[in-house]
Amino acid sequence: MKQSKLFSKTRKEAPKDEISKSANLLIRAGFIHKQMAGVYTLLPLGLKTLKNIENIIRDEMNKIGGVEMNLTALQDSKIWQKTDRWDDKKIENWFKTKLKNDTELGLAFTHEEPITDLMKDHIRSYKDLPVYAYQFQTKFRNELRAKSGIMRGREFLMKDLYSFSVNESEHNIFYEKVKQAYFNIFNRVGIGQKTFLTFASGGVFSEFSHEFQTETDAGEDLIYVDVEKNIAVNKEVLTEDVLSKLNLKRENLVEKKSVEVGNIFTLATKFSEPLELFFDDEKGSKQIVFMGSYGIGLGRLMGTVAEVLSTENGLVWPKEVSPFDIHLINVSADSEEAVKISEEFYEHLTRSGFSVLFDDRKVSAGEKLKDAELIGITRQLIVGLKSIQSGEFELKNCFTKENKKISEADIMNLKFAK
């Protein structure tokens, strides 16, 4: 991609109604566009970044046996009535609409009901279990307050996985695999060291659910962390009884502000029983399927990465998340020689399998470098008359803060990590 052809532009100021650093930077850098409160368009840079996060999550879900599918956003009220989650007094964040014949439909905020109902056509015997089905799908939530940019939206992309097991024991084995897969994801997107497995309320499903909370001043949650044990407790369940069950001591806990970047729940038979999802065991006896659900909001995760890793001057993307592998910057746009060599580098790197954003614009070197810092592509390769004359080109890594000089031969021979 040549930057001169990239229709989204950087800007000096973000909308005055944005309060989070991540939202301000993502808008200023041309990654997202605010349509209205809680609703954002993903511009080309933002979409590429989100797709990279999606691919990381997909890879980790596939490794633990997940099978990808895609459920519908439009929902039949009859299924949700069976679990008592259609009534607005029970679930307050529904978006609902009507067909022309006055049939009421919902826009899904989660998918436990429809996937459980669907599985009745596919699960009949213990031989059909376990099933680990997941999707990436747009969710709609009628939030009372939508703030912090894409970290809390009314329309957002979510990865939701649902497990169907023969019993609690089989479920627990998979549940532990998901925990590790989630930590793998958070490590790969660069926030693993600031993310804690957090005990939270299990509601009607189980004693505890587990959240993955990332430390940030922009967070809306309060967690209490045992740094030595690397686990945390959400403020909502912080009691002496809970601390005793978890073998934690109040004096060892540190209070931190945080944002929830993932959650996992043991659902047990909460949905399978009312929706009549049964299977025949080895003896031919009818049993209820044991379930779990596991969610990650991709926009929230992208916003959290932007919030945690950025500087005041710009975004900082880890290698696997960065919208491009390399930001190639010609700082001598008026020099025919610099233009020629930059074009050669661009063509060669692209043919060699790198994704490259080439800043070929006819603007000043200062503006280019300032924009590059704002956009935050992991590696910047800077070309100019001085570097051509010296035979050494600057390769900057904005994530590791490593800067080094490389020769033209190094570039053409690809002697730097892909």
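The values are calculated or read from the model by the stated rules, or taken from the named source; none is laboratory data. As the structure is a prediction and not an experimental result, all values here were calculated from the model. Every residue, glycine among them, receives a Cβ derived from its backbone with ideal geometry; neighbour counts consider all protein chains shown.
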Any pair with Cβ under 9 angstrom, 6 or more apart, that starts in the stretch 221-241 at a residue that is under 25 Å from Lys147 (Cβ atoms) and ends at one that is among the charged types (D, E, K, R) and assigned to a loop (DSSP other than H, G, I, E, B): none
Count of residues meeting criterion [assigned to a helix (DSSP H, G or I) and surrounded by 15 or more Cβ atoms within 10 Å (Cβ to Cβ)] in the stretch 349-364: 2
Filter result for Thr49 (closer than 19 Å to Glu155 by Cα and either surrounded by fewer than 17 Cβ atoms within 10 Å (Cβ to Cβ) or at pLDDT 95 or above (or both)): yes
Top-ranked residue in the stretch 133-147 [being assigned to a loop (DSSP other than H, G, I, E, B) and out of contact with any Lys or Arg (no Cβ under 9 Å at 6 or more places or on another chain); ranked as surrounded by the most Cβ atoms within 10 Å (Cβ to Cβ)]: Lys147
Matching residues, the stretch 87-99, being among the basic types (Lys, Arg), under 15 Å from Arg141 (Cβ atoms) and not in a loop (DSSP other than H, G, I, E, B): Lys96
Residue, farthest from Lys159 (Cα to Cα), within the stretch 264-280, restricted to residues that are touching a residue at least 24 places away in the same chain (Cβ under 8 Å) and among the acidic types (Asp, Glu): Asp280
Residue in the stretch 203-219 that is in contact (Cβ under 8 Å) with a residue 60 or more places away in the chain, closer than 23 Å to Ile191 by Cβ and part of a loop (DSSP other than H, G, I, E, B) present: yes
Selection status of Val289, out of contact with any Asp or Glu (no Cβ under 8 Å at 6 or more places or on another chain), touching a residue at least 12 places away in the same chain (Cβ under 8 Å) and of a type in the set (A, V, I, L, M, F, W, C): yes
Single residue of the stretch 163-194 satisfying the filter (β-branched (Val, Ile, Thr) and not in a helix (DSSP H, G or I)) that is farthest from the chain's Cα centre (by Cα): Val166
Conditions (1) in a loop (DSSP other than H, G, I, E, B); (2) more than 28 Å from Thr350 (Cα to Cα); (3) in contact with a Lys or Arg (Cβ under 9 Å, 6 or more places away or on another chain); (4) of a type outside the set (Lys, Arg): number failed by Asp102: (3)
Residue within the stretch 24-44 that is part of a helix (DSSP H, G or I), within 15 Å of the chain's Cα centre (by Cα) and surrounded by 12 or more Cβ atoms within 10 Å (Cβ to Cβ) present: yes
The stretch 370-407, residues that are out of contact with any Cys (no Cβ under 8 Å at 6 or more places or on another chain), in a loop (DSSP other than H, G, I, E, B) and not acidic (Asp, Glu): Gly384, Gly391, Cys398, Phe399, Thr400, Lys401, Ser407
Test: Glu367 is of a type in the set (Asp, Glu), assigned to a strand (DSSP E or B) and surrounded by fewer than 21 Cβ atoms within 10 Å (Cβ to Cβ): no
